[in-house]
Amino acid sequence: MKLEVLEDAKQLGVVAARRGAEAIRQAIAEKGQANIIVATGASQFETLSALIAEPDIDWSRVTGFHLDEYLGLDDQHPASFCRYLRERFVEHVPLKQFYYVDGTSDDPHLVCSELGRLIQDHPIDVAFVGIGENGHLAFNDPPADFETTEPYLVVELDEACRKQQAGEGWFATLDDVPKQAISMSCRQILKSTTIICSVPDRRKAEAVQKSLEGPVTPEVPASILQSHEGTTLFIDKSAAALLTSSTFSD
């Protein structure tokens, strides 16, 4: 895993998007198409905004996959990740196809199976992801399942994760935050050729430090990115606040 520290969230988004766009263009040039994973949340605002403005991407050759979604949340709810992706990404670029996670289904395990079959037919070239305050990767809260090979899972959301969602203003109260979600698994994310991990904000500093400098452990799910050579972690100076000087010199 490589590290880039930027001045602020806006600069982070521009640089991360540029790097992701380069990888998308390369995949299209080499294979005639590209498959990507798109994350949501406050950490992705600047990256996605910059990505849709990147020039010379033939989006008609790009297929996208949704990373995770709450269970039981209407897709018109302000916190719906389906709504987020429609409004911030999908409606802005003429994609070949985008596969959403349907969190409203009566059979979430069937949703996981269907998405799993689809993603196995679309090897991922670029994954845009973030890291949660509790160190989660997608909605894989600690302790994450590092062993499963299932592409998508039904997961339980821990209290720290749910507090983050309420704290960011997506929900009025903690009680309003769903307790379950569908998430892409850690192993599936690691199958991506390139991983662009965008993590701005001081409140993510502890998770960044543990993910980057601590051991690879299910207790810090994003630490598994240390094992992926194609990952670049983009953070701003505030998110880097707890890193040791040796990390910057590596």
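The numbers here are math on the coordinates, done by the rules we state, and not lab data. This one's a predicted model, so the numbers in the text were calculated from it and none came from an experiment. Counting neighbours? That spans all protein chains shown, and the Cβs are built from the backbone with ideal geometry, glycine included.
Shape analysis of the chain yields a ratio of the Cα radius of gyration to the Kirkwood radius, Rg/Rh, of 0.93. Do the alpha carbons of any pairs in 31/237; 10/179; 31/191 sit beyond 27 Å of each other, and which pairs? With Cα atoms farther than 27 Å apart: 31/237; 10/179. With a Förster radius of 45 Å applied to the beta-carbon distance between residue 61 and residue 8, the computed FRET efficiency rounds to 0.90. Look at where the Cα atoms of region 190-250 and of region 124-143 average out, and the two centres are 11 Å apart. Mean-square fluctuations from a GNM of the chain, with a 10 angstrom spring cutoff on Cα atoms, peak among 116, 214, 20 at 214.
Please get the size of the charge dipole for region 138-250, origin at its Cα centre, with Cβ charges of +1 on Lys and Arg and -1 on Asp and Glu, quoted in debye to the nearest 20.
280
Diffusion of region 108-250 by Stokes-Einstein, at 20 °C in a medium of 1.002 mPa s and with Rh set to the Kirkwood radius over alpha-carbon pairs, works out to 136 µm²/s. The charge dipole of the chain, taken about its Cα centre with unit charges on the Cβ of Lys, Arg, Asp and Glu (plus for the first two, minus for the last two), comes to roughly 620 debye.
Summing +1 for each Lys or Arg and -1 for each Asp or Glu among the other residues whose beta-carbon sits under 12 angstrom from that of residue 141 gives -4. Across the chain, the relative contact order, built from alpha-carbon pairs under 8 Å that are at least six residues apart, equals 26 percent.
The stretch between residue 76 and residue 180 holds 35.6 nm of extra length on full extension. This uses 0.36 nm per residue minus the Cα-Cα distance.
Modelled spin labels at residue 227 and residue 154, positioned 7 Å past Cα toward Cβ, are 2.7 nm from each other. Of the two radii for region 103-154, the radius of gyration is 0.98 times the Kirkwood radius, both from the alpha carbons; that is the Rg over Rh value.
Modelled this way, with points 7 Å down the Cα-to-C-beta line, the labels at residue 106 and residue 86 are 2.2 nm from one another.
Just to verify a number: FRET efficiency for residue 237 and residue 31, C-beta to C-beta distance, R0 = 45 Å, to 0.05? All intermediate terms of the calculation are to be shown ahead of the outcome.
Numbers: r = 37 Å, r/R0 = 0.82.
Efficiency for this residue pair is about 0.75.
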